Structures are given as C-alpha cells and as structure tokens.
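Below is one structure, written out as structure tokens, with a few remarks after it.
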Amino acid sequence: MKRTFRRTALVAVMALAVLPAATGVASAANGTCGTGEFCLWENQDFNGSNDGGIYEWTGDDSDYNNDEWYNTDDGLDNEASSVRNLESCAVRLYQHVSHEGAYTTFQSGDDDGYLNNNNIGDNRASSHRSVC
C-alpha cells in the first residue's frame, strides 16, 4: 500500500513538472501600477482608483476577454483608454486577440493617457506582448 502511494505521488509530481508555465498572467493585482508592470486604465488620463479601472501585468496576455478591471467584475477587452509601461522591455498593444491587427509599441517608461491618438484607438485593445 505504501509503495503504491509513493509511486502515485511520484507520478503526480513528475506530471506537474512537465506542464508548461502559464503565460499572460497578471501580476498580483493591487490597484497600483508598479515597477516591472504593464498597466491599462479604463478611463483617460490614468483615471482609476482602488475601486477599479486599472489592470496590471508582468508578462504577455493574448486575450483580454479573460480579464477584469481591478476589484470589479467588469471585463476589460475593448475598454482601455490609458496605458503605462513600467516593464524593462517595450510592449506592443494590439487591437485584436492573439496579438493581431493594428498595434502601438510603448517603450519602457512610456505612457499615454489618451489612446485615441495612436493606432489602437480608445476602447479597442485586446492583447499585448513584450518586445525585447
């Protein structure tokens, strides 16, 4: 019995070790855009609060349909109006899921409080990826 349990546990650990790491995972959301994060705001001029209206990532995200503004259950696909890139790499913000369609590249340290003035446009972002 002990031998079967050990074998089962070993197989389970090995199976977990070969699973691919998840991509496009948001950082621990805290409602603040911090160093190393790529952030979107629901409103122009970075207008968000601890009640929502901001989303932070540390990595790529190929589909915003699975994301909700911080501290809300309001989806953020095609809802972003401001962006800030505090990652060490440039980030491309895409109009469509799967990094497709029109895009705008934001260098490290860039921000834009009015997305209507670039290729993406206001309330049209659906994915992003880092470009190093």
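For region 39-55, state whether one or more residues are acidic (Asp, Glu) and modelled with pLDDT of 95 or more. No, the conditions are met nowhere in region 39-55.
The lone criterion from (1) farther than 21 Å from residue 34 by Cα; (2) in contact with a strand residue (DSSP E or B) (Cβ under 7 Å, 6 or more places away or on another chain); (3) in contact (Cβ under 8 Å) with a residue 40 or more places away in the chain; (4) surrounded by fewer than 22 Cβ atoms within 10 Å (Cβ to Cβ) left unmet by residue 130 is number (1). For residue 102, the criteria (1) over 13 Å from the mean Cα position of the chain (by Cα); (2) under 17 Å from residue 35 (Cα atoms) hold in every case but one, which is (2). Applying the criterion of being within 18 Å of residue 63 (Cβ to Cβ) and of a type in the set (A, V, I, L, M, F, W, C) to the residues of region 115-127, the residue that is surrounded by the most Cβ atoms within 10 Å (Cβ to Cβ) is 125. What are the residue pairs meeting all of these: first residue in region 27-46, first residue more than 17 Å from residue 79 (Cα to Cα) and of a type in the set (Ser, Thr, Tyr), second residue loosely packed, with under 12 Cβ neighbours inside 10 Å and at pLDDT below 90, Cβ atoms under 9 Å, and 6 or more apart or on different chains? The qualifying pairs are 32/50. Anything in region 115-132 that is in contact with an Asp or Glu (Cβ under 9 Å, 6 or more places away or on another chain), in a strand (DSSP E or B) and not basic (Lys, Arg)? List them, or say none. Once the filter is applied, which keeps residues that are in contact with an Asp or Glu (Cβ under 9 Å, 6 or more places away or on another chain), in a strand (DSSP E or B) and not basic (Lys, Arg), region 115-132 yields 127, 128, 130.
The values are calculated or read from the model by the stated rules, or taken from the named source; none is laboratory data. Treat the numbers as computed from the prediction; the structure is a model and nothing was measured. Cβ coordinates were reconstructed from backbone atoms using ideal geometry, including for glycine residues, and neighbour counts include every protein chain displayed.
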